[in-house]
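As structure tokens, the structure follows; a few thoughts come after it.
The values are calculated or read from the model by the stated rules, or taken from the named source; none is laboratory data. Being a predicted model, the structure only gives us computed values, none of them experimental. Methodologically, a virtual Cβ is constructed for each residue, glycine included, from the backbone with ideal geometry; neighbour enumeration extends over all protein chains shown. Remember, those area values only see protein heavy atoms, side chains included, never the ligands or the DNA or RNA. Shrake-Rupley method; radii C 1.70, N 1.55, O 1.52, S 1.80 Å.
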Amino acid sequence: MHANFSSAASQVQIQLAERSYPIVIGTQLLGSALTYQHLPQAASALVVSNTTVAPLFATQLMQALQSRYRKVLLLTLPDGEVHKDWPTLQLIFDALLQNGCDRKTVLFALGGGVVGDMTGFAAASYMRGVPFVQVPTTLLAQVDSSVGGKTAINHPLGKNMIGAFYQPLLVVCDLDVLATLPTRELSAGLAEVIKYGPIADMAFFDWIEANLDALLAKDATALAHAIERSCEIKAWVVGQDEREAGLRAILNFGHTFGHAIESGLGYGKWLHGEGVGCGMVMAAHLSQRLGLVDRPFVERLTVLVGRAGLPVTGPRLSSTDNAGRYLELMRIDKKSEAGEIRFVLIDGPGKATVRSVPDALVRQVIDDCCI
Ligand code: NAD
Ligand code: GLY
């Protein structure tokens with residue numbers, strides 16, 4: 001289905017049989033009733049946002065939804081990765097129940113990946129599943145987290161450990177919302193954009209190298225292309241392997257090291273995208289040690305990650321056994337099997353592979369990459 005959202009918008013389709021849905025990318029989408037015209041009828045809608053994003057965009061979105069839903073409610077959560085937890089998730093269920101929301105109520109996630117992942121998980125479990133829409137407001141969420149149906153909260157022992165696969169009905173990527181996004185968050189989003197090059201499309205990697213300054217300057221044309229191509233690659237992967245039986249794991253390039261950094265430092269200290277940026281550099285070093293890529297490739301990736309404003313050296317997570325602490329944290333990764341860590345590695349530029357690697361080799365890379 002290629003519905004009409006706005007003349008200027010482009011669309012990427014996630015093909016998952018009866019769970020298929022469009023990602024619509026463009027300007028002036030969030031506040032337009034036209035954007036939501038194909039959503040199912042319901043008595044109520046709940047917009048879930050946070051203390052930073054709600055004051056910026058909730059009124060616009062709620063006005064656009066008013067023609068479609070009799071009751072449009074807003075729930076404003078505390079902001080931050082540190083709140084991606086059970087007590088905050090509970091606030092969503094509280095709001096739904098206190099307002100008599102039924103199983104047709106549509107949830108709208110208005111925010112970055114934290115709001116999106118939590119709202120999606122709430123939608124997956126409230127009354128065993130209610131419809132939801134992603135309205136991502138960070139670059140990271142527009143190119144990755146709002147797409148593909150992974151929803152979760154964190155556990156103190158591991159990132160995104162409690163969650164569900166649950167697809168939205170629609171993803172609305174409005175470029176206008178990125179105007180207020182802080183530079184550090186833009187850079188974090190660029191990590192997930194860069195990721196798609198080494199794992200799937202080196203022509204896109206070349207394009208990012210050539211257009212990075214425009215992306216950093218929030219040039220609308222460059223951002224639109226980066227979002228569209230990222231979503232196309234993610235759609236191609238998710239369409240083949242929705243529940244990560246195999247292929248989908250390549251989207252976690254850089255995430256095994258990155259998640260260890262995020263949880264090892266304490267959630268929120270490094271942004272998710274910063275962990276991924278540095279994690280990609282570490283995973284590229286590991287790929288090189290295994291003879292899968294050459295040194296110039298690792299250097300090229302490191303330069304691009306650094307130019308994007310992301311860290312390229314890992315933090316120390318322990319003053320006594322730093323590599324041991326990384327290994328301990330990485331074993332909690334969802335890709336681990338029987339306690340064995342499985343890494344996404346680059347098997348020649350543009351192609352990824354998922355493998356376990358001897359601890360000794362991983363230790364060497366951690367020692368080389370951490371300051
Ligand atoms: P985030 O949701 O914490 O947003 C970053 C910050 O930017 C927050 O303070 C937020 O309030 C603020 N913000 C959001 N939009 C803004 C705007 N337009 N203007 C100004 N400020 C704005 O972080 P994120 O980087 O969007 O997402 C990271 C999360 O996504 C992590 O929890 C990660 O695990 C998850 N993630 C999930 C998937 C998935 O497939 N589900 C993929 C990648 C990442
Ligand atoms: N962000 C990884 C995935 O969606 O699988």
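The table below gives the values:
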| read-out | value |
| --- | --- |
| Amide H contacts of Asn160 (H built 1.01 Å from N, under 5 Å, at least 5 apart or other chain) | Asn154, His155 |
| Spin-label model distance (nm) - Glu18 vs Asp94, 7 Å beyond Cα toward Cβ | 3.6 |
| In Å², nearest 10: area of Cys369 left accessible to a 1.4 Å probe | 10 |
| For the range 74-80, Karplus couplings with θ = phi - 60° (6.51, -1.76, 1.60), whole Hz, Gly/Pro x | 10, 10, 10, 8, x, 8, x |
| Per-residue HN-Hα couplings for the range 347-364 [Karplus 6.51, -1.76, 1.60; θ = phi - 60°; Hz; x = Gly/Pro] | 9, x, x, x, 9, 10, 9, 10, 9, 8, 9, x, 3, 4, 5, 5, 4, 4 |
| Loop trypsin sites (Lys or Arg not before Pro), the range 183-250, which have at most 10 other Cβ atoms in a 10 Å radius of their Cβ (DSSP) | Arg243 |
| Between the range 8-47 and the range 87-103, the alpha-carbon center distance in angstrom | 23 |
| Estimated [θ] at 222 nm from DSSP helical runs (n ≥ 4, -39500 (n - 2.57)) normalised by residues in the chain, nearest 500 | -13500 deg cm²/dmol |
| Set of lysines near Lys234 by C-alpha distance (under 29 Å), chain-local residues within fewer than 8 positions excluded | Lys84, Lys104, Lys150, Lys159, Lys195, Lys218, Lys269, Lys334, Lys335, Lys351 |
| Extension gain, Asp368 back to Ala43 (0.36 nm per residue minus Cα-Cα distance, nm) | 111.3 nm |
| Contact order normalised by residue count of the chain, Cα under 8 Å, 6+ apart, percent | 15 |
| Value of relative contact order over the range 98-222, rounded to a whole percent, pairs C-alpha under 8 Å and six or more apart | 21 |
| Label point 7 Å beyond Cα of Leu247 along Cβ direction - residues of the range 324-362 with amide nitrogen under 20 Å | 335, 343-355 |
| Pair Val82, Lys351: separation of 7 Å Cα→Cβ label points (nm) | 4.5 |
| Relative contact order computed over the range 40-129 (Cα-Cα under 8 Å; 6+ residues apart), in percent | 39 |
| Sequence-distant residues sharing a close amide H with Leu170 (under 5 Å, placed H) | Gln134 |
| Over 18 Å [Cα-Cα, the range 233-331], rounded percent | 53 |
| Normalised per residue, the volume of the convex hull around the Cα set of the chain (Å³) | 122 |
| Heavy-atom accessible surface of the chain: percent carbon and sulfur, 1.4 Å | 52 |
| J(HN,Hα) series, the range 294-301, from Karplus relation 6.51 cos²θ - 1.76 cosθ + 1.60, nearest Hz, glycine and proline x | 9, 4, x, 5, 4, 5, 4, 5 |
| Rounded to 5, percent antiparallel among DSSP beta bridges of the chain | 40 |
| Separation in nanometres of the label points that stand 7 Å from Cα toward Cβ, at Asp176 and Glu328 | 5.0 |
| Mean projected area in nm² (Cα convex hull; one quarter of hull surface) for the range 118-190 | 5.4 |
